[in-house]
Amino acid sequence: MNTPGKRTPPIPQLGGRVIKENEFNRAVVKYLDQELKRCGFRTLLVAPTDQDTPLADRTNLANSKGADLYVSCHYNAGGGEGVECYHYPGSSKGSRAANLIHKYVIQGTKQRNRGVKSANFHVLRETKMPAVLIEYGFMDDPRLEEAKRMIDPAFQKECAVETAKGVCEYFGVKYVPEQPPAPKPMYRVTVDGKPVIDTAYEGKILDAVSDAIKKGAKEIMIKPRE
């Protein structure tokens, strides 16, 4: 969006780039969706595109699908600093969810802890289920340090992981961390009885074989390396 309050000022550290809030929000929601699904949750994205989906459409969809928790990911504006989480006034379940999520969100990148608060925001008021709105930083903080993090994939992923941990604790579900990819198997290319290369990359194997053929090799062997 190009409206004030939905984008950063020009950021000198990024060559004057302006970042739209939704660039951050969409990325975090994408990662959060992956995190929660891996932990066994069924998820519903109420604003799945770059279009500005009306708030009423979002809450109506969540209500119609009988969602159990509404999580709204945002980046703040107003010249402050830090992270804060909101719930609807008087909602004990909303308060519990907000406090649990906030507990994890403040454990990552060092930021000012602005605490857990209540507010009469539409997405907190009009949802039939407990709802939490998270402000992960300010897009116009004084030094624009938080602003520039908005397009950092590592920070986006961190916010999603921390939020997922809070959601898991709220529902009493074990958080399942992402597993690193299994290492690729190593192969040895032997040409005319002499080892030429040990590699896990197909491209390098093909290059070694092609080079051996050009040199008139009589025997080329490719075997897994134990």
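Observations on the structure shown:
- Region 1-68 - percent of accessible surface contributed by carbon and sulfur, probe 1.4 Å: 51 percent
- In the full protein context, the chain carries 57 Å² of accessible surface per residue, based on a 1.4 Å probe and ignoring ligands, DNA and RNA.
- Loop trypsin sites (Lys or Arg not before Pro), region 23-111 (other Cβ atoms within 10 Å of the site Cβ: 16 or fewer; DSSP): ARG42, LYS65, LYS110
- Note on the chain: antiparallel DSSP beta bridges, both residues inside, total approximately 60 percent of the bridges counted.
- For region 56-128, size of Cβ-based charge dipole, Lys and Arg +1, Asp and Glu -1, in debye: 200 debye
- Size descriptors for region 107-226, from the alpha-carbon set: Rg then Dmax equal 26.7, 78 Å.
- Dipole of the chain computed with +1 at Lys/Arg Cβ and -1 at Asp/Glu Cβ about the Cα centre; of HIS87, ILE220, ALA77, farthest Cα towards the positive end is ILE220.
- Ordering of 140-146, 67-73 by packing [mean C-beta count within 10 Å, highest first]: 67-73, 140-146
- For region 156-226, the set of chymotrypsin sites (Phe, Trp or Tyr not before Pro) satisfying both a DSSP loop assignment and a count of at most 15 other C-beta atoms within 10 Å is given as TYR201.
- Rounded to the nearest 20 debye, dipole of the chain from Cβ charges on Lys, Arg, Asp, Glu: 360 debye
- With Cα atoms as the point set, region 6-131 shows a radius of gyration and Dmax of 15.3, 45 Å.
- For region 86-226, the share of accessible area belonging to carbon and sulfur comes to 52 percent (1.4 Å probe, ligands and nucleic acids excluded).
- Residue among THR49, THR199, THR109 with the largest mean-square fluctuation in a Gaussian network model of the chain, springs linking Cα atoms under 10 Å: THR199
- Fully extending the segment from ASP68 to ASP207 would add 44.6 nm, taking 0.36 nm per residue of separation and subtracting the current Cα-Cα distance.
- Cross-link check: pairs LYS30/LYS204; LYS30/LYS165; LYS128/LYS165 evaluated at a Cα-Cα cut-off of 25 Å; pairs beyond the cut-off: LYS30/LYS204.
- FRET efficiency, GLU81 to ASN120 (Cβ-Cβ, R0 41 Å, nearest 0.05): 0.95
- Multiplying the residue separation of GLN34 and VAL18 by 0.36 nm and removing their Cα-Cα distance gives an extension gain of 3.0 nm.
- For region 141-165 and region 75-123, distance of Cα centres in Å: 15 Å
- Around VAL167: net Lys/Arg minus Asp/Glu count, Cβ-Cβ under 11 Å: -3
- Summing Lys and Arg as +1 and Asp and Glu as -1 over all other residues whose Cβ lies under 14 Å from the Cβ of GLY115 gives a net charge of +1.
- Kirkwood-Stokes translational diffusion coefficient of the chain, alpha-carbon pairs, 4 °C, 1.567 mPa s, µm²/s: 64 µm²/s
The values are calculated or read from the model by the stated rules, or taken from the named source; none is laboratory data. Computed from a predicted structure; not experimentally measured. Counting neighbours? That spans all protein chains shown, and the Cβs are built from the backbone with ideal geometry, glycine included. Just the protein is used for accessible areas: all its heavy atoms, side chains included, with ligands, DNA and RNA removed. Shrake-Rupley method; radii C 1.70, N 1.55, O 1.52, S 1.80 Å.
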